[in-house]
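Bear in mind these aren't lab numbers, they're just calculated from the coordinates by the rules spelled out. Note that this is a predicted model, so its numbers are computed, not measured. Please note: Cβ atoms are built from the backbone with ideal geometry, for glycine as well, and neighbour counts cover all protein chains shown.
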Amino acid sequence: MTIQFAAQIIGFLAALVLLTAFGMLVQRRMTGLIHLFTWQGLFLSISTAVVGFVAGQRHLYISSLLTLSLKVILLPYILHVLVRRLRIQREIETVVNVPLTMLIGVALVIFSYHLTAPVRELSTLVTRSVLAIALATVMIGLLMMITRRHAVTQIIGFLAMENGLFFAATSATYGMPLVVELGVALDILIAAFIFGIFFFHIHTTFDSLDVEQMAKLKEGD
Amino acid sequence: MNIYPFVIEILQFLVLLGAAPVFAGWVKMLKCWSQGRSSPGLFQPYRDIIKLFSKDLVLAENASWIFRFTPYLVFGATLLAGGIIPILSTDLPLAATADVIVLVALFAIARFFTALSGMDIGTAFGGMGSSREMTIASLAEPAMLMAIFTISLASKSTSLSQMVQVVYSGQSVLRPSIAFALLAFVLIVLAETGRIPVDNPATHLELTMIHEAMILEYSGRHLALIEWAGMMKLFLFIMFGIAAFFPWGIAAWGDLYAIPFAFLFMLLKLGIAGVSLVLIETGLAKMRLFRLTEFLGSAFLLATLGMLSYFILE
């Protein structure tokens, strides 16, 4: 596998990651959202493995496997169980309408392209052009957290943001040290469990996972 | 003076006129099979057209020249578009006079006059159909242009035969921009040719029809021309997709002997395209009109992403 060809594969996978990020941004069904998240994890994992192969960095294989087991198998499983237990498969309400959200997303991609242009000029890595996509994925995850009202959707947005950060780390510096990555993976896992417990509590207290409901927590003046 | 390009151009017109109804019949046939019905056969569209041509013309009393002129204009514009899109060979003299932007404009003129003629008689359905058609067009056209510009960027030309040449001799297969453009293009084809998630070509139900509502008042040879133009439009969009994304097998410049093979390849690719079109159509349900903004919005999004990924990744 030549460097050129590997760069092409990585670019294509990056495009797919971006596509799934946009898919999550516009998807209304909860199960569809989780499926898209799973796909994003899979593309991320493959791309990490390819980067590891090209750069000769062995520890990237481990983080690729970690991504695969955590973001493709375990987290989607937990989310599916949550969705089934809480019976929230129905359509998700959005704060801003979907076409407008898409346009904002496109603007974010352009913004991150401009933001990372200097880095791209200086860097010598195979993956330098992917950095813009990674940053865009982070921002789209953030946008998803802002535009959705549902607590579970916001968590998926958060996880998508983490995917973007992981991707950025891989593409900018061939990955963080393994210790850091293990720590982050553990954090994500624990966070998912805590989110799950919180969801159950919110659900029993408010009978809904719409975060707007939490405005009721305010004391009346 | 070299005569080959003109021979090819004439051949191409003949193929377009002859193969478009067969392709429409093929799609109908597959659809019948997929729904467990027996099909009317591959050549039913021909019989329909001949029947319509032999029937008398019924014109509304208050029909203006627009109403009478539109079928010829729609047919002519679609035929002209067939002279630009490389179906058999990239060696087309007409292709030098018009690029893809003109191509989009040709279809736009046909649509504009169809919408006008829908309103011309003054029936409620015609006006409704026209307004819906223009709503869809206003969303589909930017997406279409965006998708085309993405391919133009990759091939550094807006001339169709030039674009096909570059894709044909393509160095890299894994180009995310082209893949995005292809996805966007599939959505646009469904919208532009009035296929299922957007419009149902077989329906005459008052509330759901879009294209059929506009041409409801046409009869006789006028209707025959419009129906034929509709089939040619579907054929041309599919051929455009094939030429821009899967041009393998098309005859190169001045290569007259490759034409029969190009024809065979075309038939093969059309067969596959028909199957995938029917798969999409049977797999999806017709969309609510107000959901179409999202459908075409995603087409626009995909095309824009294609363009961006050209700058970012390539």
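Below are the figures for this structure:
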| item | result |
| --- | --- |
| Residue list for the range A:107-145, given a label point 7 angstrom along the Cα-to-Cβ vector of residue A:211 and an amide N cut-off under 13 Å | A:141-145 |
| In nm, spacing of pseudo-spin labels at residue A:179 and residue B:138 (7 Å Cα→C-beta vector) | 6.1 |
| Rounded to whole Hz, the Karplus (6.51, -1.76, 1.60) HN-Hα couplings of the range A:74-84, x for glycine and proline | 6, 4, x, 4, 4, 5, 4, 4, 4, 4, 6 |
| Residue pairs, from the table B:51/B:233; A:71/A:216; A:71/B:286; B:51/B:269, whose Cα atoms sit over 26 Å apart | A:71/A:216; A:71/B:286; B:51/B:269 |
| Cα point-scatterer Debye curve for the protein assembly as shown, base-10 log of I(q)/I(0) at q = 0.05, 0.08, 0.10 Å⁻¹ | -0.25, -0.62, -0.91 |
| Leading residue at positive end of dipole, the protein assembly as shown (Cβ point charges), from B:46, A:59, B:181 | A:59 |
| Cut-off 20 Å, label 7 Å out along Cα→Cβ of residue B:156, residues of the range B:292-312 by amide N | B:307-312 |
| Rounded to 10°, Cα long-axis angle of helix A:98-122 versus longest principal axis of chain A | 30 |
| Tail weight of P(r) past 15 Å, computed on alpha-carbon pairs of the range B:252-314, percent | 74 |
| Three semi-axes of the equivalent ellipsoid, chain B, Cα gyration tensor, whole Å, largest first | 30, 23, 19 |
| GNM top mover of B:217, B:294, B:141 - chain B, alpha-carbon springs below 10 Å | B:294 |
| Backbone HN-Hα couplings from phi across the range A:45-54 [Karplus 6.51/-1.76/1.60, Hz, Gly and Pro as x] | 5, 4, 5, 4, 4, 5, 4, x, 5, 5 |
| Chain B, helix-only ellipticity at 222 nm - DSSP H runs n ≥ 4, -39,500 (n - 2.57), divided by all residues, nearest 500 | -24000 deg cm²/dmol |
| At least 18 Å along the helix axis (C-alpha) and Kyte average at least 0.0, DSSP helices within chain B | B:4-34, B:65-84, B:100-120, B:124-155, B:176-192, B:220-245, B:259-283, B:292-313 |
| The range B:4-313, relative contact order in percent, only Cα pairs under 8 angstrom and at least six apart counted | 30 |
| Label point at residue A:96 placed 7 Å out along Cα→Cβ; residues across the range A:119-146 whose backbone nitrogen lies under 20 Å | A:133-146 |
| Cβ-Cβ FRET estimate between residue B:314 and residue B:96, R0 fixed at 35 Å, reported to 0.05 | 0.80 |
| Pairwise label distance in nanometres, residue A:124 with residue B:275, each label 7 Å out on the Cα-Cβ vector | 5.0 |
| Per-selection Rg to Rh, the range A:1-119 - Cα, Kirkwood hydrodynamic radius | 1.04 |
| The range B:4-313 - charge dipole about Cα centre, Lys and Arg +1 at Cβ, Asp and Glu -1, debye rounded to 20 | 540 |
| Rg to Rh, two decimals, where the range A:137-198 supplies the alpha carbon set and Rh follows Kirkwood | 1.03 |
| Taking the convex hull of Cα positions in chain A, its mean projected area over all directions (nm²) | 13.2 |
